[in-house]
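First comes the structure, then the notes that go with it.
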Amino acid sequence: MPKKIDDILIPGQNVNKLNLRKYLGSREIVTPQDYGAYGDGIVDDTEAINTALTENGAVFLPPGAYRTTAPIVLGYGRMLFGAGDVS
């Protein structure tokens, strides 16, 4: 996968849409919902949050109530952040 946008958007050449999609996808903000979390306070979101943190450097928690039944593990260099005054 290309590391820089300049490797994809080359003046005078056609854009490889698959490479562009992969490049942009790697820069999206990941949420536990991408891994099956609900954030409704009822469903256990522990596994989804931990999987998101294992596979990504940063995970954003959108507003919601996240029920957890085991520790949330923040490995070295991992970040969990949210929105609002109580995050």
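The angle separating the long axis of helix 46-55 from the principal Cα axis of greatest extent in the chain is about 30 degrees. Loop-located GluC sites (Glu not before Pro) in segment 1-77 (DSSP state other than H, G, I, E, B) with a sparse environment of at most 13 neighbouring Cβ atoms within 10 Å: 28. The value of relative contact order for the chain, using C-alpha pairs under 8 Å at least six residues apart, is 23 percent.
Full extension of the chain segment joining residue 16 with residue 28 gains 2.4 nm, where the gain is 0.36 nm per residue of separation less the Cα-Cα distance.
At a Förster distance of 22 Å, what's the computed FRET efficiency of residue 55 paired with residue 9, Cβ-Cβ distance as r, to 0.05? Could you put the intermediate results ahead of the total?
On the way: r = 27 Å, r/R0 = 1.24.
In this case the efficiency is close to 0.20.
Largest GNM mean-square fluctuation across 41, 64, 12, computed for the chain with C-alpha springs under 10 Å, falls on 12. Restriction of the chymotrypsin sites (Phe, Trp or Tyr not before Pro) in segment 14-87 to DSSP coil positions whose beta-carbon has at most 15 other beta-carbons within 10 angstrom yields 76. Comparing 15, 30, 73 in a Gaussian network model of the chain where C-alpha atoms under 10 Å apart are linked, the largest mean-square fluctuation is found at 15. Heavy atoms of the protein chains alone define the surface here; on that basis the chain has 72 Å² accessible area per residue at 1.4 Å probe size. Here the chain is scanned for trypsin sites (Lys or Arg not before Pro) in DSSP loops (not H, G, I, E, B) that have at most 10 other Cβ atoms within 10 Å, and the longest stretch holding none of them is 28-87.
Think of segment 4-52 as a dipole: +1 on every Lys or Arg Cβ, -1 on every Asp or Glu Cβ, centred on the Cα centre; then among 48, 18, 33, 18 lies furthest on the positive end. When a 1.4 Å probe is rolled over the protein heavy atoms, the share of accessible surface on the chain that falls to carbon and sulfur comes to 54 percent. Rounded to the nearest 20, the Cβ-based charge dipole of the chain about its Cα centre (Lys and Arg +1, Asp and Glu -1) stands at 460 debye.
Its alpha carbons considered, the chain gives a radius of gyration followed by a Dmax of 16.6, 54 Å.
The values are calculated or read from the model by the stated rules, or taken from the named source; none is laboratory data. Predicted, not measured: the structure shown is a model, and the values here were computed from it. Methodologically, a virtual Cβ is constructed for each residue, glycine included, from the backbone with ideal geometry; neighbour enumeration extends over all protein chains shown. Areas reflect the complete protein model, heavy atoms only, side chains present, ligands, DNA and RNA absent. Shrake-Rupley method; radii C 1.70, N 1.55, O 1.52, S 1.80 Å.
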